[in-house]
Amino acid sequence: MLLNLMRKHAKSWLIKALVAIIAAVFIFYFGYSFRSDSGSKVASVNGEPITGVDYQKTYRSMLESLQREYKSVWNENLVKLFNIKGRALETLIGQKLVSQEAKRIGFEVTEKEIQDQILSYPAFQTGGRFDEGRYKALLANNRMSPEDFEAGLEREILQRKIEQFLGTFVTVTEQDALDYYTYSNEKVKLGFIEFLPENYKGSVKISDEAMEKYFQESQEKYRVPEKVKAAYILFDPKSFKEKVRANEKDIQEYYNENIGTFKEEKEVKVSQILFKVAEDGPADQDSKVREKAESILNKARKGEDFAALARKHSEDPSKKDGGDLGYLKPGEMVNPVEEAVSKLKKGEISEPVKSPFGYHIVRLDDVKEARTVPYEEAREKIASRLENQASIDLAYDRALSFHDQVPYDTNLGQFASEQKMSAAESDFFSMGEPIPGIGGDRKLAESIFSLQQGDTSEVLEVDGKFYIFQVVDRKPSALPALSEVRDRVKEDLVEKLAAEEAKAAAQKLLERAKAGEEWSVLSKEAPKKAQTTEFFSRQNPAPELGYDQALLEAAFALDEKKRYPDSVFETDKGVFVIRYEASESIDKAKFEGEKAQYRQMLLRTRHRVLVQNWLEELRKKAEIEVLIPASKEGTEF
């Protein structure tokens with residue numbers, strides 16, 4: 001009963017996050033469908049179609065990846081900020097272009113290559129060997145068929161091959177590596193005097209004429225946006241919960257059909273003490289750190305409290321918890337540590353284990369063996385899940401049914417009253433504002449603003465609730481009179497003039513410094529005394545100055561012969577006059593030790609740029625037809 005009701009709807013359970021090593025494949029190639037025409041064509045590339053279902057899958061996978069990454073601060077505005085719709089379409093276009101060009105050049109992917117890739121994933125292994133049951137269960141948990149997953153792998157391998165081919169055209173000389181190292185590591189120290197606009201606000205005098213002139217020049221800045229008032233009816237799934245009950249048959253059927261989701265991996269509870277080894281430390285540092293780790297290990301094995309030792313000696317954030325890392329699944333520890341833990345019995349402590357982070361002393365505190373959650377244990381959660389979904393579907397069905405009954409050009413509130421339902425009415429709101437009492441994002445506002453007065457919206461979803469809206473009043477966009485925004489205009493003009501005065505005062509001081517006046521004397525006359533930064537690099541600018549690319553480049557162009565730049569700089573921190581104090585050259589010996597690393601970084605950068613440029617050239621030459629507007633803001637690949 002409830003399962004049948006759920007199957008009527010395209011809404012699916014949220015895809016659980018799969019292990020990180022295969023997440024990228026899902027993000028770029030998979031997902032699941034939602035309500036729409038999946039057979040439609042959204043674009044074509046050189047005559048090859050991109051279907052609606054492909055677009056939906058890619059969009060949904062990108063969206064879910066974003067939701068997982070930003071779950072603590074997630075809101076719908078991030079969809080627009082990251083341009084997920086545009087990126088999904090551009091990803092598919094890019095895939096088509098790469099696939100077509102790879103085939104033209106002669107690249108192909110064999111079944112063995114796909115098989116080897118699958119066999120290499122630890123996520124699909126049990127005891128170090130490929131487990132077909134685990135493979136199918138993980139894919140089933142994520143609404144994925146093996147055929148779809150393997151098709152995605154084929155595209156991934158093909159793209160990797162052609163990118164490797166392009167990489168053969170990238171070269172980096174020793175001089176290139178030295179230039180890159182120098183650019184990244186040379187340092188400079190600056191003197192600076194800061195001029196804050198706030199210091200000049202008190203001296204700013206504004207006449208009515210100046211305010212009127214500024215207002216006329218900046219009138220659009222104060223334009224009042226179009227606003228609407230909407231009547232609405234809410235269909236809240238919570239109000240339908242009492243009407244649904246999951247029966248035993250539905251619960252058992254769900255359990256049997258989704259048995260893979262009730263499989264729990266083996267988990268180990270681990271505590272550790274970490275001794276870090278700096279990458280650029282002295283040659284004998286490694287042996288000294290290991291000796292220290294062995295010394296602490298001896299204390300732990302002789303009975304000293306492991307948690308106390310961790311709090312005192314560990315260099316891992318877990319030290320505050322006595323080294324307790326909690327329960328961990330396969331793949332959640334670095335390989336050397338995971339291998340060491342696998343050989344321990346409960347309560348045993350490992351020898352010092354070397355990883356990229358340093359030396360670890362690890363204790364195995366507990367083990368939860370892999371298991372399938374029994375039906376009796378899962379029953380209550382399944383029932384709750386089925387009932388929640390059924391109440392959502394009932395609310396949506398009721399909203400659709402009500403929507404179909406609303407006569408054309410009928411007052412929504414009046415019709416609701418006739419149906420013994422109640423309608424509410426919002427205050428006026430603009431496109432960029434949440435709907436008072438409801439919330440929602442810009443997409444929802446756009447749907448409502450597209451209605452003519454008296455029109456009724458489709459059923460719209462906001463935070464898991466369903467609404468039907470009707471615009472009952474509208475205020476067009478208008479330019480306000482100065483009297484309506486006088487305080488705001490005055491505040492803006494004061495800030496503008498104060499910033500101009502600060503910049504003029506800073507420029508005047510700079511000219512005096514360049515003419516030869518003593519920096520110490522000028523400092524005494526300035527609103528704030530001169531300060532000096534620490535040595536800083538391009539990668540780590542001086543925090544006192546804020547970030548400004550022009551200031552940064554000017555700083556590294558100064559030297560003993562030219563101590564002052566040509567102009568002052570405005571950053572988010574204020575207006576600055578800067579002066580060269582000293583520079584710190586790179587350490588040639590250190591460069592020799594890191595040359596290979598910087599060469600690889602530069603190779604990767606040049607390779608990435610080459611691939612991007614290559615894709616751009618393919619796109620310019622291709623016949624691309626886009627049948628849906630992916631985004632108003634433009635797209636990026």
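The values are calculated or read from the model by the stated rules, or taken from the named source; none is laboratory data. All values reported here derive from a predicted model rather than from experimental measurement. Cβ placement follows ideal geometry from the backbone for every residue including glycine, while neighbour counts extend to all protein chains displayed.
One residue stands out among those in segment 448-466 that are in a strand (DSSP E or B) and out of contact with any Gly (no Cβ under 9 Å at 6 or more places or on another chain): the one that is surrounded by the most Cβ atoms within 10 Å (Cβ to Cβ), which is PHE466. Taking residues in segment 304-323 that are assigned by TED's automatic domain parsing to the domain that holds VAL270 and under 16 Å from VAL270 (Cβ atoms), and partners anywhere that are of a type in the set (Gly, Ala, Ser) and part of a helix (DSSP H, G or I), the pairs with Cβ atoms closer than 6 Å and at least 6 places apart or on different chains are PHE306/ALA300; LEU309/ALA300; LYS319/ALA310; GLY322/ALA307; GLY322/ALA310; GLY323/ALA310. Residues in segment 558-574 that are at pLDDT below 95 and aliphatic (A, V, I, L, M): 0 in all. Looking only at residues of segment 534-559 that are aliphatic (A, V, I, L, M) and assigned to a helix (DSSP H, G or I), we find that the one that is nearest to ASP572 (Cα to Cα) is LEU545. Note on segment 316-354: residues that are over 28 Å from the mean Cα position of the chain (by Cα), within 21 Å of GLU294 (Cβ to Cβ) and among the hydroxyl-bearing types (Ser, Thr, Tyr) amount to 1. In the condition set (1) crowded, with 17+ Cβ neighbours inside 10 Å; (2) on the phi > 0 side of the Ramachandran plot; (3) not β-branched (Val, Ile, Thr), GLN389 is compliant with all but (2).
Just one of the listed residues (ALA383, ALA399) is out of contact with any strand residue (DSSP E or B) (no Cβ under 6 Å at 6 or more places or on another chain) and either outside any loop (DSSP other than H, G, I, E, B) or of a type outside the set (D, E, K, R) (or both), and it is ALA383. Report yes if some residue within segment 359-379 is within 23 Å of GLU458 (Cβ to Cβ) and not basic (Lys, Arg); otherwise report no. No: zero hits. Can you spot a residue in segment 470-478 that is surrounded by fewer than 17 Cβ atoms within 10 Å (Cβ to Cβ), of a type outside the set (Phe, Trp, Tyr) and over 40 Å from the mean Cα position of the chain (by Cα)? The answer is no; no qualifying residue exists. The residues on offer are GLU518, GLU594, GLU544, and the sole one that is at pLDDT 95 or above, outside the structural domain of ARG104 (by TED's automatic domain parsing) and of a type outside the set (A, V, I, L, M, F, W, C) is GLU518. Apart from one condition, GLY128 fits all of (1) within 33 Å of the chain's Cα centre (by Cα); (2) at pLDDT 90 or above; the exception is (2).
The numbered conditions (1) of a type outside the set (A, V, I, L, M, F, W, C); (2) modelled with pLDDT under 95; (3) out of contact with any Ser or Thr (no Cβ under 7 Å at 6 or more places or on another chain) are all true for GLU226 except (3).
Meeting the requirement of 1 or more residues that are closer than 30 Å to GLY574 by Cβ, the helices (runs of 4 or more DSSP H) wholly within segment 193-301 are 208-217. Within the span defined as segment 205-214, one or more residues are of a type in the set (Phe, Trp, Tyr), buried (at least 17 other Cβ atoms within 10 Å of the Cβ) and either more than 30 Å from ALA378 (Cβ to Cβ) or at pLDDT 90 or above (or both). So is GLN117 within 30 Å of LYS443 (Cα to Cα), in contact (Cβ under 8 Å) with a residue 12 or more places away in the chain and either buried (at least 16 other Cβ atoms within 10 Å of the Cβ) or small (Gly, Ala, Ser) (or both) or not? No, not satisfied. Of the residues making up segment 121-166, those that are assigned to a helix (DSSP H, G or I), farther than 24 Å from ALA102 by Cβ and not polar (S, T, N, Q) are PRO122, ALA123, PHE124, GLU132, GLY133, ARG134, TYR135, LYS136, ALA137, LEU138, LEU139, ALA140. Output yes when any residue across segment 195-203 is crowded, with 16+ Cβ neighbours inside 10 Å, among the small types (Gly, Ala, Ser) and farther than 30 Å from GLU446 by Cβ, and no when none is. No: segment 195-203 contains no residue that is crowded, with 16+ Cβ neighbours inside 10 Å, among the small types (Gly, Ala, Ser) and farther than 30 Å from GLU446 by Cβ. Of everything in segment 215-230 that is surrounded by 13 or more Cβ atoms within 10 Å (Cβ to Cβ) and either out of contact with any strand residue (DSSP E or B) (no Cβ under 7 Å at 6 or more places or on another chain) or β-branched (Val, Ile, Thr) (or both), the residue that is nearest to GLN453 (Cα to Cα) is VAL228.
Within segment 241-265, take every residue that is among the basic types (Lys, Arg) and surrounded by 15 or more Cβ atoms within 10 Å (Cβ to Cβ) and give me the one that is farthest from LYS320 (Cα to Cα). Among them, the one singled out is LYS241.
Within segment 332-358, the set of residues being part of a loop (DSSP other than H, G, I, E, B), buried (at least 16 other Cβ atoms within 10 Å of the Cβ) and small (Gly, Ala, Ser) comprises just one member, SER350.
Within the option set ALA478, ALA504, ALA526, being without any contact (Cβ under 8 Å) to a residue 12 or more places away in the chain and either touching a helix residue (DSSP H, G or I) at 6+ places or on another chain (Cβ under 6 Å) or not basic (Lys, Arg) (or both) holds for one residue only, ALA504.
One residue stands out among those in segment 66-108 that are crowded, with 18+ Cβ neighbours inside 10 Å and β-branched (Val, Ile, Thr): the one that is modelled with the lowest pLDDT, which is VAL79. Filtering segment 209-265 to residues that are under 30 Å from PRO476 (Cβ atoms), among the hydrophobic types (A, V, I, L, M, F, W, C) and under 38 Å from the mean Cα position of the chain (by Cα) leaves VAL224, VAL228, ALA230, ALA231, ILE233, LEU234.
Scanning segment 423-437 for residues that are at pLDDT 90 or above and either of a type in the set (Asp, Glu) or in a loop (DSSP other than H, G, I, E, B) (or both) yields ALA423, GLU425, SER426, ASP427, PHE428. The criterion of being without any contact (Cβ under 8 Å) to a residue 60 or more places away in the chain and farther than 28 Å from ALA370 by Cβ does not hold for SER355.
Counting just the residues of segment 412-429 that are crowded, with 17+ Cβ neighbours inside 10 Å and in contact (Cβ under 8 Å) with a residue 40 or more places away in the chain, which one comes out farthest from GLN252 (Cα to Cα)? Once the filter is applied, the top-ranked residue is PHE429. Considering the conditions (1) buried (at least 16 other Cβ atoms within 10 Å of the Cβ); (2) without any contact (Cβ under 8 Å) to a residue 24 or more places away in the chain, GLU484 is excluded by exactly one of them, (1).
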